[in-house]
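The values are calculated or read from the model by the stated rules, or taken from the named source; none is laboratory data. Values in this document were obtained by computation on a predicted structure and should not be read as measured data. Here the Cβ positions follow ideal geometry from the backbone for every residue, glycine too, while neighbour counts run over all protein chains shown. Side chains included, ligands, DNA and RNA excluded: accessible areas come from the protein's heavy atoms. Shrake-Rupley method; radii C 1.70, N 1.55, O 1.52, S 1.80 Å.
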Amino acid sequence: MKKILSVLFFAFATLGVSASWGAIDKSKTIKMATEGAFPPFNYFKGKDLTGFEVELGTELAKKLHVNGEWKTSPFDSLLIGLNQNRYDLVVASHGITAERAKAVDFTEPHYCTGGIIISNAGGPKTAADLKGKVVAVQVGTTYLTNVQKIPGIKEVKTYPKDTDALQNLMSKRVDAWVTDKFVALEAVKSNEKLHLQLGDMVFQEKIAMAVAKGNTELKNKVNTALNDLVKDGTYLKISKKYFNDDVSCK
Ligand code: ARG
């Protein structure tokens, strides 16, 4: 993590901040980045990038009266690219952490959630059950940092994508997977025959969008637009579509 942060600081120091609000307004385009492999938040349906966060980001751009342009990048490179001026806004289910807040600025949270244990039938369900077990997590995530705090785990295996961690759980190469509770629910539903089981939530987090460090004007614009989407019911409509529930931080 220390190494990642120093890379982030280096990128920030050498390449400056992303487009100011003025530049976005002038070009009438906001460049947004996500991963595209984290269903139901950001993923590809065939060739189309979609999901709760993609729909939300696209509506956000409309509120800002600019075109929303999407880019996808591996999860662990997203915040680095932000400070390299490759895009203006990252919408990729980042939990707000003190570490990350040293390198980027977070908007108000766009949903609240937690990390949960998921396993095959008969597998571990509680943090205590993970003793002596092999646990899969996506690299660069809060699942990794939180799982590392659980004592007695035999091995934590990291994967570039969260979907790789799921594949390894389904093929029984690992005993458990720790991921977002909504991602886990989606995995259970879309693999019904496998009878994957949900266990305990191991931590809770607030998820927010990120702008380059110091890009306060853009952050404020995004916060206002997000608030407008809540007020006019657009947020709830998209939330209901994906979760049949309101996932905002109430
Ligand atoms: N919420 C977790 C974190 O903050 C995981 C986010 C993973 N996002 C993704 N697009 N794969 O680290």
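Among the candidates TYR111, TYR159, TYR87, single out the residue that is in contact with a helix residue (DSSP H, G or I) (Cβ under 9 Å, 6 or more places away or on another chain), without any contact (Cβ under 8 Å) to a residue 24 or more places away in the chain and open to solvent by less than 40 Å² (accessible area, probe 1.4 Å).
It is TYR159.
Can you name the condition, by its number, that GLY132 falls short on among (1) in contact (Cβ under 8 Å) with a residue 24 or more places away in the chain; (2) of a type in the set (Gly, Ala, Ser); (3) open to solvent by 30 Å² or more (accessible area, probe 1.4 Å); (4) away from the ligand (no atom under 16 Å from the Cβ)?
Exception for GLY132: condition (1).
Would the stretch 233-250 turn up any residue that is away from the ligand (no atom under 16 Å from the Cβ), at pLDDT below 95, more than 16 Å from PRO124 (Cα to Cα) and under 21 Å from the mean Cα position of the chain (by Cα)?
Yes, the stretch 233-250 contains at least one residue that is away from the ligand (no atom under 16 Å from the Cβ), at pLDDT below 95, more than 16 Å from PRO124 (Cα to Cα) and under 21 Å from the mean Cα position of the chain (by Cα).
Based on what the data block shows, is SER248 among the small types (Gly, Ala, Ser), touching a residue at least 40 places away in the same chain (Cβ under 8 Å), surrounded by fewer than 16 Cβ atoms within 10 Å (Cβ to Cβ) and closer than 30 Å to LEU64 by Cβ?
Yes; evaluated as a whole, the condition is true for this residue.
State whether one or more residues within the stretch 81-91 are within 16 Å of the ligand (Cβ to nearest atom) and polar (S, T, N, Q).
Checked against the condition, which is being within 16 Å of the ligand (Cβ to nearest atom) and polar (S, T, N, Q), the stretch 81-91 yields no hits at all.
So, THR145, is that one among the hydroxyl-bearing types (Ser, Thr, Tyr) and surrounded by 18 or more Cβ atoms within 10 Å (Cβ to Cβ) or not?
So THR145 does not fit the description; no.
Quick grid of which residues meet (1) charged (D, E, K, R); (2) in a helix (DSSP H, G or I); (3) more than 12 Å from the ligand (Cβ to nearest atom):
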position	(1), (2), (3)
GLY140	no, no, no
LEU144	no, yes, no
LYS172	yes, no, yes
VAL188	no, yes, yes
LEU198	no, no, yes
GLN204	no, no, no
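For the subset of the stretch 162-178 comprising residues that are open to solvent by less than 20 Å² (accessible area, probe 1.4 Å) and of a type in the set (Val, Ile, Thr), which member is nearest to the chain's Cα centre (by Cα)?
Among those that are open to solvent by less than 20 Å² (accessible area, probe 1.4 Å) and of a type in the set (Val, Ile, Thr), it is VAL178.
Looking at (1) open to solvent by less than 40 Å² (accessible area, probe 1.4 Å); (2) touching a helix residue (DSSP H, G or I) at 6+ places or on another chain (Cβ under 6 Å); (3) away from the ligand (no atom under 16 Å from the Cβ), which is the one condition that is false for ILE116?
Looking at each condition in turn, ILE116 falls short on (3).
Can you find even one residue in the stretch 64-75 that is closer than 30 Å to LYS193 by Cα, open to solvent by 70 Å² or more (accessible area, probe 1.4 Å) and more than 10 Å from the ligand (Cβ to nearest atom)?
no
What's the total number of residues in the stretch 41-51 that are in a loop (DSSP other than H, G, I, E, B) and either more than 11 Å from the ligand (Cβ to nearest atom) or open to solvent by 20 Å² or more (accessible area, probe 1.4 Å) (or both)?
2
Listed residues LYS181, LYS189, LYS231; which is open to solvent by 10 Å² or more (accessible area, probe 1.4 Å) and within 26 Å of ALA61 (Cα to Cα)?
Answer to the check: LYS231.
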